[in-house]
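Written below as structure tokens is the structure these notes are about.
Please treat every number below as a calculation from the coordinates, not as lab data. It should be emphasised that the depicted structure is a prediction, and the values quoted were computed from it without experimental measurement. Methodologically, a virtual Cβ is constructed for each residue, glycine included, from the backbone with ideal geometry; neighbour enumeration extends over all protein chains shown.
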Amino acid sequence: MARPSDERLARAFPDTRHSALAAIRGGDGVERQRGLEALAAAYWRPVYGYLRLHWRKPHDEAADLTQDFFAHLLESDLLARFDPARARLRTFLRACIDGVAGGEDRAARSLKRGGGAVAVPFDFEGARAEIEQAAGSAEPPDVLFEREWARGLFAAALERLRQVCAREGKSQHFALLEAYDLGAGTERSSYADLARRFGIAATDVTNRLAWARRKLREVLLDLLRDCTATESELREEARTLLGLGGR
């Protein structure tokens, strides 16, 4: 019998998934490019961070290798070799990065960006300082990669949420989320403080924060759907990142 937590988790996902991996493996060029861009949006930061922290690549070389890596995924049909029964997608990708960084995959190192370029803004400068603060870490490579994957996925979800809020005329919802949940410092503003700052009622703060948090979770699930290969992997990642299905 399914546990209540499992049933709650199952309701969070649709019956049909159209992941980035499936799109990349398909035959349609437009869908392949769309899938690559979705995968790159979720993984560019962990790839860059892994190259910096584990392989000790300088900033410029790591940035170039990151861009080349995603173009190479599409041009060489590298993901055709991925078997979800044997490993998680990001475990497979990390092995591929090791090949590129170690000079084993000469095709990726010599690839000329152009037809396989990824139309995703990689904010390497924005990530640089935070990555460099972690330099010298003694954490194992898989821990480094997974930590940056989670951080990068959350950053991508926030950016997508910001765009959604701007399109829907709800930029204040996002600003409240930034101020209350994402603000720096140890002291968090109260709802009353935020109400005064934004010139709205305290109940509006409550409702808009609730909407923004719910929407952020939806966006994170969408990103997870794009960068996982199976339903079981999707559920496992959702439990890790969102606590869905937890006790």
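Brief remarks follow.
- Between A210 and D60, full extension at 0.36 nm per residue minus the direct alpha carbon distance yields a gain of 50.0 nm.
- Linear extension gain, S76 paired with E168, 0.36 nm per residue minus alpha-carbon span: 29.2 nm
- Low-density loop cleavage sites - trypsin sites (Lys or Arg not before Pro) in the stretch 153-212, where at most 16 other Cβ are within 10 Å (DSSP): R188
- Applying both filters, DSSP loop and at most 11 other Cβ atoms within 10 Å, to the trypsin sites (Lys or Arg not before Pro) of the stretch 57-93 gives R86.
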